[in-house]
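Single-structure report; data block below.
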Amino acid sequence: TENIEGASMSYQSFFKNAAEPRPCTLPVKMAVGKNKRMSKGKKGGKKKALDPFLKKDWYDIKAPSMFSVKQVGKTLVTRSQGTKIASDGLKGRVFECSLADLNQDEDQAFRKMLLKCEDVQGKNVLTNFHGMDFTTDKLRSLVRKWFSLIETFVDIKTTDQYMLRIFVIGFTKRRMDQAKRTCYAQSGQIRQIRKKMNEIVARESTTCDLKELVLKFIPEVIGKEIEKVCAGIYPLQNVYIRKVKILKAPKFDVTKLMEVHGDYGTEEVGAKVERPVEEATEEEA
């Protein structure tokens with residue numbers, strides 16, 4: 001019995017000692033200078049967020065001389081650094097402007113002009129005509145039921161070797177003594193009108209350079225001519241040059257660009273101011 005009791009006591013003491021957590025008796029030693037990164041933080045951590053606009057410069061956008069307003073607006077570009085030059089970032093940019101802003105005429109607000117950056121001189125961005133389009137709201141307002149819509153496009157080349165695609169749109173018109181509700185043109189008449197449209201656009205466009213052609217687009221000279229010629233086939237209304245695309249441009253020439261821009265460089269930056277009489281007399285004394 002004594003042996004059994006002794007055995008049970010030894011088992012109890014064993015399990016009791018096993019349950020108690022034992023302190024670590026091994027000495028903790030760290031090698032000096034091994035973990036240098038621990039004080040500095042993670043490698044490749046977050047960099048300080050810099051304001052990107054601090055590295056940018058403002059440039060003035062100059063419109064061609066065919067428009068009454070020369071200063072269109074301003075544009076941003078990252079300033080030159082290393083092999084990246086600021087002017088390379090600006091060349092080729094296309095700016096969309098309203099013709100109402102360019103000519104200070106609110107009646108022409110439905111036209112959008114595209115101006116492309118051709119050259120950079122100092123802080124001036126010299127642009128040239130790059131295309132033309134209608135605003136969506138104007139185009140939607142023209143389309144109505146009971147009338148025929150006639151559209152066509154022509155590819156032409158100007159005298160200064162610009163390849164353009166010109167889109168024309170027109171609508172049939174009610175005659176003065178018409179009792180019929182609808183004004184639908186027959187398919188044969190539409191073909192004749194399209195042919196006349198193509199002839200007039202080609203004739204007006206191929207005999208002038210790009211600058212003269214843009215000056216024809218603005219007052220809608222070609223649209224009025226089409227209305228007059230096609231009146232014998234079927235009366236037309238709201239005939240417009242809807243869109244112009246530049247398909248191919250000639251090699252860049254600085255002298256031609258300067259001709260388009262005129263004498264923008266001769267603008268007076270500041271007028272000469274006369275000194276007050278009092279200051280002049282004090283200095284003489």
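The values are calculated or read from the model by the stated rules, or taken from the named source; none is laboratory data. Since the model is a prediction, treat every value here as computed from it, not as a measurement. So basically every Cβ, Gly included, is an ideal-geometry build from the backbone, and we count neighbours across all protein chains shown. The protein model used for the area step is the full one, side chains on, heavy atoms only, and it has no ligands, DNA or RNA in it. Shrake-Rupley method; radii C 1.70, N 1.55, O 1.52, S 1.80 Å.
Report, by residue number, each residue of the stretch 222-237 that is exposed (fewer than 13 other Cβ atoms within 10 Å of the Cβ) and closer than 23 Å to Leu99 by Cβ.
Hit for the stretch 222-237 is Lys224, nothing else.
Pull up the stretch 76-86, narrow it to residues that are part of a strand (DSSP E or B) and more than 15 Å from the chain's Cα centre (by Cα), then point me to the one that is surrounded by the most Cβ atoms within 10 Å (Cβ to Cβ).
By that ranking, first place goes to Thr78.
Does any residue in the stretch 168-188 that is modelled with pLDDT of 90 or more come within less than 9 Å, Cβ to Cβ, of a residue that is outside any loop (DSSP other than H, G, I, E, B) and open to solvent by 100 Å² or more (accessible area, probe 1.4 Å) six or more places away or on a different chain, and which pairs are these?
As it stands, the answer is Val168/Phe153, since those pairs meet every condition given.
Could you list, in sequence order, all residues of the stretch 174-189 that are open to solvent by less than 90 Å² (accessible area, probe 1.4 Å) and not in a helix (DSSP H, G or I)?
Within the stretch 174-189, Gln178, Thr182, Cys183, Ala185 qualify.
Part of a helix (DSSP H, G or I), at pLDDT 90 or above and within 20 Å of the chain's Cα centre (by Cα): which single residue out of Gly89, Gly73 fits that description?
Gly89
May I ask you to list pairs of residues, at least six apart or on different chains, whose Cβ atoms are under 6 Å apart, with the first in the stretch 219-247 being assigned to a helix (DSSP H, G or I) and the second being loosely packed, with under 15 Cβ neighbours inside 10 Å and β-branched (Val, Ile, Thr)?
If the second residue must be loosely packed, with under 15 Cβ neighbours inside 10 Å and β-branched (Val, Ile, Thr), no pairs are left.
Just a yes or no: is a residue in the stretch 43-53 at pLDDT 90 or above and either farther than 27 Å from Thr127 by Cβ or open to solvent by 80 Å² or more (accessible area, probe 1.4 Å) (or both)? Even if it seems obvious, please write down each step before you answer.
Kept after step one, since they are at pLDDT 90 or above, are these residues of the stretch 43-53: none.
Checked the stretch 43-53: no residue is at pLDDT 90 or above and either farther than 27 Å from Thr127 by Cβ or open to solvent by 80 Å² or more (accessible area, probe 1.4 Å) (or both).
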